[in-house]
Structures are given as C-alpha cells and as structure tokens.
1. With +1 on each Lys and Arg Cβ and -1 on each Asp and Glu Cβ, how big is the dipole of segment 191-275 about its Cα centre, in debye rounded to the nearest 20?
2. Give me the dipole magnitude in Debye, nearest 20, for segment 80-166 about the Cα centre, with unit charges on the beta carbon: positive for Lys and Arg, negative for Asp and Glu.
3. Simple spin-label model, 7 Å along Cα-to-Cβ: ALA286 to ARG213 in nm?
4. Please report the spacing between the Cα centers of segment 157-202 and segment 66-145 in Å, no decimals.
5. Please report the carbon-and-sulfur percent of the accessible area for the chain; probe 1.4 Å, protein heavy atoms only, DNA, RNA and ligands left out.
6. Taking 7 Å along the Cα-to-C-beta vector as the label spot, tell me the ALA334-GLN237 distance in nanometres, rounded to one decimal.
7. Would you mind calculating the gained length between SER151 and ALA326 on full extension (0.36 nm times residue separation, minus the Cα-Cα distance), in nm to one decimal?
8. In whole Å, how far is the Cα centre of segment 28-49 from that of segment 258-298?
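The values are calculated or read from the model by the stated rules, or taken from the named source; none is laboratory data. Computed from a predicted structure; not experimentally measured. No Cβ is skipped: glycine too gets one built from the backbone with ideal geometry, and neighbour counts run over all protein chains shown. Ligands, DNA and RNA are excluded from the accessible area calculation, which covers all protein heavy atoms including side chains. Shrake-Rupley method; radii C 1.70, N 1.55, O 1.52, S 1.80 Å.
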Amino acid sequence: MTPLVLGIETSCDETGVGLVRGQSLLADAVASSVDEHARFGGVVPEVASRAHLEAMVPTIERACVQARVRLSDVDAVAVTSGPGLTGALLVGLAAAKALAIGLDRPFYGVNHLAAHVAVDQLEHGRLPQPCLALLVSGGHSSLLLVEDVASSIHPLGATIDDAAGEAFDKVARVLGLPFPGGPHIDRLAKDGNRTYVAFPRGLTGPGDLSRHRYDFSFSGLKTAVARWVESLERDGQPVPIADVAAAFQEAVVDVLTRKAVLACTEQGVRDLVIGGGVAANSRLRAVAQARCDAAGLHLRVPRPGLCTDNGAMVAALGAELAARGAPSSGLDLAADSSLPVQVP
Ligand code: KG4
Ligand code: ZN
C-alpha cells in the first residue's frame with residue numbers, strides 16, 4: 001500500500017496540514033493568522049509563532065476528518081524545516097517530531113521551496129524530469145533546474161533584492177491596499193491600463209543579461225512606482241490606482257515569464273512549472289501560458305489554492321521521500337531559516 005503522509009507547514013503565517021497518498025491529495029487544512037498581521041503591514045514573527053501553536057492540533061484534526069483517516073493510519077510525517085521564520089518553523093518541527101515519536105513513524109524535514117514545486121504533482125501527475133521551476137513567493141523568486149524534486153535541484157538564478165511577492169506587498173502599501181497586497185493588485189489590475197506607464201524591467205538590459213542572466217531584481221521597480229505615486233500626489237493629481245497596479249503587475253510578469261522561457265530554451269527543458277504564492281496571479285498565469293505556447297513549451301501551474309502556503313505541498317514532497325524509503329530525519333533536526341534549495 002502506498003504510504004499515507006501527513007505534511008505540516010508553518011514557515012510563515014499559514015498553519016497548513018495536508019494528507020497525501022502517492023500523488024493523491026486527501027486533505028488540505030489551512031489556518032491563517034494573516035488577519036492578525038494586517039494592521040502591522042507585514043508578518044510579525046512572534047504573532048505567527050503563537051498562532052501556529054494555537055492552530056496546530058485543531059488543524060491536524062480537521063485534516064484527518066477531511067481525509068476520513070485516523071492519526072494512527074499515518075505512515076510518515078513531513079514538515080517544513082526551512083527556509084522561513086525560525087520561531088514559526090520550530091512549532092511545526094516540534095509537532096512533527098512529537099507525532100513521529102508518538103506514532104513510531106519516520107519523519108522528514110523538507111525544504112519549503114522544493115515543496116512549492118512538488119505540490120504540482122497532486123494536480124498534474126508526476127513532474128517531467130528534468131523540468132524548470134519558477135518559484136515566486138513572498139520571500140523568494142528563483143529559477144530552478146529540477147532533475148528530481150526529491151533528490152536533484154539546482155538553482156539557476158534568484159532575486160538579488162526583493163522577492164516578487166514582497167514587491168507586490170510593498171507596492172500595495174504605497175497604493176493604500178491591505179496586506180498581503182498581491183491578491184488586491186491582481187483584482188484591481190483587471191480594470192487598469194497595463195501600458196499606463198512603462199515601469200522598469202530589472203536586470204533585462206544587455207549588460208545585466210550577461211552578468212545576471214537568470215536573476216531578478218524588483219527593488220528598482222518598487223521605488224519607481226513609489227516615486228510615480230509621490231509625484232502625482234505632490235501635484236495634487238488623483239492616483240489612478242487600477243492603472244498603476246496594472247502597469248506594475250505587467251512589469252513583474254513580463255520579467256518573470258521572459259526569463260523563465262529564456263532559461264527553458266537555453267537549458268533545453270520543455271516543461272515549466274510555476275509555484276509559490278505569486279503563481280496565483282491571474283496575469284502571470286495568462287502571460288506564462290501565451291509565452292510557453294509561442295515557445296513550444298508545456299506549462300504547469302497548480303490551482304491558486306495550492307500555490308499559496310499549505311500543508312499538502314509538504315505532504316507531496318514527503319510522499320516522494322516515503323515512496324523511495326528515504327531514511328527518517330534525526331530528532332535533532334533544527335529549523336534553518338535560510339535552508340538552501342539546492343540538493344544534493
Ligand atoms: O508562497 P506564499 O503563500 O508565502 C511565502 O512562502 O512567502 O506567498 C505569499 C506571497 C505574498 O507576497 C502575496 O502577496 C503573494 O504571494 N500573492 C500574490 C497573489 N496571491 C498571493 N501575488 C500576486 N497575485 C496574487 N494573486
Ligand atoms: Zn511559500
């Protein structure tokens with residue numbers, strides 16, 4: 001029988017518990033503390049850790065009810081050991097270790113970014129080997145060459161300053177939108193003019209392309225948007241929020257998709273998978289699809305609910321490890337806030 005794997009995710013503000021057997025998703029329970037952070041304009045680590053502690057047992061129970069399994073049916077436990085907020089990660093790790101001891105089952109510490117890639121298997125079946133992954137979240141923006149999601153991942157490039165999601169959140173703040181800003185910008189941009197201003201496309205000039213071919217930079221874009229808004233306000237003009245949102249989003253999406261397609265073409269990889277919270281963005285999904293079609297590439301993006309942080313993604317990667325009979329992580333496994341995605 002294929003092992004039943006319970007996955008726990010607590011790297012940021014979502015307490016996620018997923019249950020997966022092979023590539024079948026049986027439960028995906030998420031409790032978010034996002035409302036508690038909104039008034040601070042960003043995630044407050046201490047608040048997130050406490051919320052994880054309160055949500056952990058009820059979320060595990062909810063997942064078991066959803067999947068109609070008992071905790072004793074679980075064959076292995078997987079948990080995010082990094083990257084993320086240390087205090088938040090520790091809550092998940094402690095819960096996973098306690099379950100592993102109590103149930104006498106193996107437990108696997110997994111990388112959050114690799115889990116964002118692995119989750120696509122729950123929707124679209126086994127990942128082609130190799131594939132290229134564009135990982136875009138609140139804390140990371142990377143291009144990864146994935147030969148095997150459980151055993152061979154090589155970073156090709158990453159952001160040199162802000163992550164894509166961070167840029168969405170910061171620009172949203174400038175526009176007076178609530179945290180997290182990504183979904184609000186996505187929604188407002190639908191009624192905006194994408195060509196309102198040609199905001200800068202970071203690291204796409206000829207010089208940058210030779211030094212930072214697969215890297216990203218969104219800090220200059222964020223500043224350009226802030227300056228634009230400030231100058232309108234200084235002149236007493238109304239800020240066309242939908243247009244600014246659409247033009248900003250277009251700049252992010254343009255660079256992300258252009259570099260992802262470039263990397264696929266140059267690396268000779270036919271399949272692109274996009275993961276992480278920003279992969280929920282409707283314009284990113286549409287432009288990526290159009291550019292992949294034009295380049296003869298096959299695009300895979302999980303449904304939006306599986307793009308943002310959840311426990312199913314951790315269970316999906318844990319299921320890969322369990323299926324290979326991987327040895328259990330040690331009970332001394334520590335949280336690593338900057339765990340590298342590279343394996344081996
Ligand atoms: O992967 P995730 O849930 O958490 C991290 O690992 O960081 O990503 C959260 C990020 C936030 O910055 C949020 O604004 C962004 O994903 N996000 C979006 C959308 N939904 C979430 N960004 C743009 N458009 C969206 N629809
Ligand atoms: Zn994430």
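1. Its charge dipole is roughly 300 debye.
2. Values: 3 positive and 8 negative charges, 70 e Å.
Value, rounded to 20: 340 debye.
3. The answer from the label model is 3.2 nm.
4. Cα centres, segment 157-202 to segment 66-145: 28 Å.
5. 54
6. 5.3
7. Working: separation 175, 0.36 × 175 = 63.00 nm, distance 1.05 nm.
Gain in length upon complete extension: 61.9 nm.
8. So the two Cα centres are separated by 30 Å.
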